[in-house]
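Take a look at the structure set out below.
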Amino acid sequence: MSLDPLAIVTAFGLIFLAELPDKTMFASLAMGTRMRPLYVWFGTSSAFLVHVAIAVGAGSLIGLLPDWIVKLVSALLFAFGAFMLLRGGAEDDEEDAGGRTVTGFWPVYSTAFMAVFISEWGDLTQITTANLAASNGTWSTAIGSAAALMSVSALALLAGRFIAKRVPLKTVQRIGGLCMLGLAIWSVTEIFTG
């Protein structure tokens, strides 16, 4: 097992930017206002770890294909990610889980786990994680992606209201989209130069 620091930082940066304007951040924020934030974070983090493992496994399978096909698939997935972020994607409204307060570790944990586990299937960050695992290495991608997802959840729970009022999520989406577009172009050029 070898770790590539650049791959870890790349995965962290891309996943962090892609997840910031995502519905999961708003769900974490909403749950944190009604439930104990630390319990919510344990639940969301556990769900993210499961999704990262699934995505990295899929990416490892993609990595078995010939190099030019992997780069082409990577370019297409990055282009799709850029499109999703740059087209707006802000139609995900803050989800309201009702007015009921959930207490106790296991009820809060399972509520947060299930909310994230169900909502993240086929999500942009899961697709991006699989894509990065195919080209940048399994463990490095897993570490960077998991750290980014868990960080966004923690950020939403700790400072979500401040961010929502001060930093336009549209700006974060555009930065993430431009980064993914750049990686799509880079992947295509590697097909012809590598």
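Numerical summary
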quantity: Rounded accessible area of M150 (nearest 10 Å², 1.4 Å probe); calculated: 50
quantity: Accessible surface, 1.4 Å probe, highest first, among residues R34, R174, R166; calculated: R166, R174, R34
quantity: Heavy-atom accessible surface of segment 105-148: percent carbon and sulfur, 1.4 Å; calculated: 76
quantity: Exposure ranking of S119, S140, S135 by accessible area [1.4 Å probe, largest first]; calculated: S135, S119, S140
quantity: Base-10 log of normalised Debye intensity for segment 9-48 (one unit scatterer per alpha-carbon) at q = 0.14, 0.27, 0.29, 0.31 Å⁻¹; calculated: -0.34, -0.93, -0.98, -1.02
quantity: Exposure of L64 as accessible area (Å², to 10), given a probe of 1.4 Å and all protein chains; calculated: 140
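The values are calculated or read from the model by the stated rules, or taken from the named source; none is laboratory data. Since we're looking at a predicted model, the values are computed, not measured. Keep in mind that these areas ignore ligands, DNA and RNA; they rest on the heavy atoms of the full protein, side chains included. Shrake-Rupley method; radii C 1.70, N 1.55, O 1.52, S 1.80 Å.
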